[in-house]
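Below is one structure, written out as structure tokens; the observations come after it.
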Amino acid sequence: MPVLLDLKRPDRSDTLHFVLPINHGYGSRPCIVVTAAPTVSPLPGTLNSGEQPSLTSHDCKSSNMTQRSEAVLLRYEVLFGTSQFSTSDTRIVMAFKTLAALLSVVGALQVANAALTRRVACPDGVNTATNAACCTLFAVRDDIQQNLFDGGECGEDVHESLRLTFHDAIGIGSNGGGGADGSIIVFEDTETNFHANLGTDDIVNAQKPILAKHNITPGDFIQFAGAVGVSNCPGAPQLDFFLGRPAPIAAAPDLTVPEPFDSVDSILARFADAGNFSPQEVVALLSSHTVAAADLVDPTIPGTPFDSTPGTFDTQFFVETQLRGTLFPGTAGNQGEVESPLRGEIRLQSDSELARDSRTACEWQSFVNNQSKMQSAFKAAMLKLSVLGHNAFTGAATFPAGLSHADVEQACAMPPLPSPPWPLIPVRPPLSLLSPLPKQPSTSKA
Ligand code: HEM
């Protein structure tokens, strides 16, 4: 049952809210954490101070999860800042305002709820939680924010940490690999030397000393750091975090991480092999490139972003990749790079092709100016990515064994469920502010 809580959350994303599953090894109650004031300072220009509540509330959602044999994945939500343009954030702020006005009612609910929810004091003497397993994450979060993300910024370390969540998790498939297991840190000598992983050694080396200070597995740490980091980016959704990944047992095999010079066929096949990702989910995951830059694609211009707003999680990336490419921002002839529309912006061949392929172009275009769709689709796809290799309930429906799209009786042309290999479904391009997409050469897949 949803429970309203008062959470001290003076200025940004530093209130923790955990939900644990029923019937797991850590206890049977939802784990709710009330935290003290955050220790990080607000990011200038990203918070709408006029709308910041001094007292905030949040629902406690219930969560069903299945168990992995050795470990249970616990769910954690990062409550993040109130960026000005984020629709869902604004709604949260508005909800908080209303709830703050109903403080006395909430207070009464809390008293009643306290009788139902046992709380434990965390060993830090500051925080409390309904499950002791949650307590360790407060210190990890604070350490990450202060010592990795420079006090809660959405900078290069956040971008690299987000990229690392992907490069660790996608290391799974028909050729082996443990998915989101932290193998890229533990077996860094092997994995960070894979061609597609070049450059990840920087963030691995930055994360390792922090990881070493805490009682958390490498797989959990990588995904947790990514979730916390994204919460620093204005416009980003609250990512779910599941806790409980066991330590990795081996390095992932090479060639699991897509390259920017791979074909769309190859990229979609890789994601399908890794975790049954649909083309739509691949597009959703590429929202990450809205807070991203490339150091190595053209080494003469390291740090060149993929869109004109790399510090904000907005839909600018999707529209800018649809624009006609006219120039190389640095040198020409780099593998995996195509012409971009703007000076100071680099375009990956893979992003360019995904923005134009008949299987992904309409989905790509549908994100433009649809911040809430981008947030929700990215959040759902990131959850799926972050638990690859683990048995965690994510709420995604799948076909029962032996059944597929062919067995569905329905009138709608859009596939409701993923089921590889992905059938090509003709869809009408959505109306939008954009010019029509360029015509695709007809192929057997169209
Ligand atoms: C088709 C799949 C993908 C390809 C081919 C691809 C390729 C690349 C390349 C080539 C770079 C630049 C690396 C460099 O030169 O420094 C990059 C950066 C990045 N990628 Fe991807 N990527 C893909 C999917 C993803 C996904 C699924 C995520 C996260 C969920 C992600 C997150 C990032 C981030 C955050 C950066 C920026 C890192 C930084 O600024 O330091 N990418 N990607």
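Across region 167-176, in residue order, what do the Karplus-derived ³J(HN,Hα) couplings come to in whole Hz, using 6.51 cos²θ - 1.76 cosθ + 1.60 with θ = phi - 60° and x for Gly and Pro?
With the stated coefficients, region 167-176 comes to 5, 6, 5, 6, x, 6, x, 5, 9, x Hz.
Using a/c under 1.5 as the rounded threshold, could you call region 179-305 rounded, prolate or oblate? The axes a ≥ b ≥ c are square roots of the C-alpha gyration tensor eigenvalues, and prolate needs a/b larger than b/c, oblate otherwise.
Judged from the Cα gyration tensor, region 179-305 comes out rounded (a/c under 1.5).
How big is region 264-392 by Rg and Dmax over its Cα atoms, in Å?
14.6, 46
Given 0.36 nm per residue, what is the gain on full extension from D265 to T331 after removing their alpha carbon distance, in nm?
Once the chain is fully extended between D265 and T331, it gains 21.0 nm.
Which FRET efficiency, nearest 0.05, do L255 and A212 yield, Cβ-Cβ r, R0 30 Å?
Efficiency for this residue pair is about 0.50.
Mind running the shape call on region 187-242? Use the C-alpha gyration tensor, a ≥ b ≥ c as the square roots of the eigenvalues: rounded below 1.5 for a/c, prolate if a/b tops b/c, oblate otherwise.
Verdict is oblate for region 187-242.
Please find the FRET efficiency linking A121 to S376, where r is the Cβ-Cβ separation and R0 is fixed at 30 Å, and quote it to the nearest 0.05.
0.25
Sorted by packing (mean other beta-carbon atoms within 10 Å per residue), highest first, where do 290-301, 150-161, 222-233 land?
222-233, 150-161, 290-301
Can you tell me which of 212-221, 397-406 comes out highest on packing, and rank the rest after it, using the mean Cβ neighbours within 10 Å?
212-221, 397-406
Report the one residue of S340, T304, A269 whose Cα lies farthest in the direction of the positive end of the charge dipole of region 264-392 (charges on C-beta: Lys and Arg +1, Asp and Glu -1; origin at the Cα centre).
Result: A269, furthest along the dipole toward the positive end.
Any read-out appearing in this document is the output of simple, stated calculations on the displayed coordinates, not a laboratory observation. This is a predicted model, so every value here is computed, not measured. A quick note on method: Cβ atoms are made from the backbone with ideal geometry, for glycine too, and the neighbour counts reach across all protein chains shown.
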